[in-house]
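Colleague: Input: one structure, supplied below.
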């Protein structure tokens, strides 16, 4: 790689770090998006350029750096301007003080109970359905789940279970902040059990965010070596855990994994995947691929991800052709070169998704994300309801992490659906108390 390529790779990393620090200081929820992009794109891209270990040439790497730099700069300027125009405030999170600030203490007590019941029911629905389909929970694997989900109706038990799980998993943070060790431990066990059974890497995020959120959104917390070290350790552990769940997929489930290899071999395989840049750390390669071919693929440059978001709750089959098919599958086809593909999907980080949707005009989409993130902060900033705000922090924190890896539509759909469920549940609590 030439010096210009290496310099631009450094600058894009510095821009990501600057954005993350800015949003951390402002206590914006979208800090999760930028921190995840540092892990998935910023650092790996920089190392690839410096060490000259990419499969793509200097021209592609340079273009990727320029796109990221321009997108980040436009986002930051738009974020600052919109925040001033609409008086955007920090996420007001004083739950660390242990104070109940809900207008009604009864609502504060009822909402977690209902959420806990929903969390338990989500796992129960999943287990009962899978036993009915496969005969035993020991037979559950990601591949079998994928086929069952693919061949079932839109609102099948698997999808319902997942929607309810993400809507309610944030209750674990409520129990942690209120020092309810018993229900915290039970919630932790339920979420871990669900994650191991499904092999879905996203389902482990509530267990990670329950420790990360208090470090970030404590209004009294300042950037210090201790906080930085804790967040770094949690970041490293998160990467390890995600790759462990990927290993579960490869071996066909937890039971198949532990009966096939020992703990030392398991650990060695996880570390090998991380060091070789497989899985999540290789998603950026699809972005490079799109740049190399100038988006010369069917369905690209048409903004399909965002058109799908406009018709979020309308199934594609009922949209009279207005809602495009899953663009992740379109990107998967472009990545593999198999344009008859109807199942394999690709998530090329947020940058790759924006580039695939709009080509170089995608840098302007930094304005969209600045506005979108401002709206999410306002939705989450429930000053008078500690429980509601705490649960929403987890829901939108998960959304931003998934958006960063490029699964934009799925992340937004799950978050908005969860938000509607939580708000509806909160209203039911108020009505019953009255």
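Colleague: Restricting the search to region 168-184, which residues are closer than 13 Å to residue 120 by Cβ and part of a helix (DSSP H, G or I)?
Modeller: Hits for region 168-184 are 168, 171, 172, 183.
Colleague: Would you check which residues across region 153-183 are touching a helix residue (DSSP H, G or I) at 6+ places or on another chain (Cβ under 7 Å) and within 13 Å of residue 390 (Cβ to Cβ) and list them?
Modeller: Within region 153-183, 168, 169, 170, 171, 172, 173, 174, 175, 176, 177 meet the criteria.
Colleague: If you take the residues in region 59-72 that are over 26 Å from the mean Cα position of the chain (by Cα) and crowded, with 16+ Cβ neighbours inside 10 Å, which one is farthest from residue 353 (Cα to Cα)?
Modeller: Only one residue tops the list, namely 62.
Colleague: Is at least one residue of region 142-153 under 24 Å from the mean Cα position of the chain (by Cα), within 16 Å of residue 204 (Cα to Cα) and touching a residue at least 60 places away in the same chain (Cβ under 8 Å)?
Modeller: yes
Colleague: Of all residues in region 176-194 being without any contact (Cβ under 8 Å) to a residue 24 or more places away in the chain and under 22 Å from the mean Cα position of the chain (by Cα), which is nearest to residue 410 (Cα to Cα)?
Modeller: So the residue we want is 192.
Colleague: List the residue pairs whose Cβ atoms are under 6 Å apart, where the first residue sits in region 359-382 and is more than 16 Å from residue 77 (Cα to Cα), the second is in a helix (DSSP H, G or I) and at pLDDT 95 or above, and the two are 6 or more positions apart or on different chains.
Modeller: Short answer, once both residue conditions are applied: 376/396; 380/396.
Listed here are the residues, each with its yes/no results for (1) more than 27 Å from residue 329 (Cα to Cα); (2) modelled with pLDDT of 90 or more; (3) not in a loop (DSSP other than H, G, I, E, B).
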site: 63; (1), (2), (3): no, yes, yes
site: 74; (1), (2), (3): yes, yes, yes
site: 92; (1), (2), (3): yes, no, no
site: 138; (1), (2), (3): yes, no, yes
site: 149; (1), (2), (3): no, no, yes
site: 152; (1), (2), (3): no, no, no
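Colleague: Please determine whether any residue of region 155-175 is loosely packed, with under 15 Cβ neighbours inside 10 Å and in contact (Cβ under 8 Å) with a residue 40 or more places away in the chain.
Modeller: Looking through region 155-175, none of the residues is loosely packed, with under 15 Cβ neighbours inside 10 Å and in contact (Cβ under 8 Å) with a residue 40 or more places away in the chain.
Colleague: From 305, 330, 336, which residue is within 21 Å of residue 418 (Cβ to Cβ) and modelled with pLDDT of 90 or more?
Modeller: Just one listed residue meets the conditions, 305.
Colleague: Which one is surrounded by the most Cβ atoms within 10 Å (Cβ to Cβ) among residues in region 311-344 that are in a helix (DSSP H, G or I) and touching a residue at least 24 places away in the same chain (Cβ under 8 Å)?
Modeller: 331
The values are calculated or read from the model by the stated rules, or taken from the named source; none is laboratory data. These numbers were taken from a predicted model, which means no experiment stands behind them. No Cβ is skipped: glycine too gets one built from the backbone with ideal geometry, and neighbour counts run over all protein chains shown.
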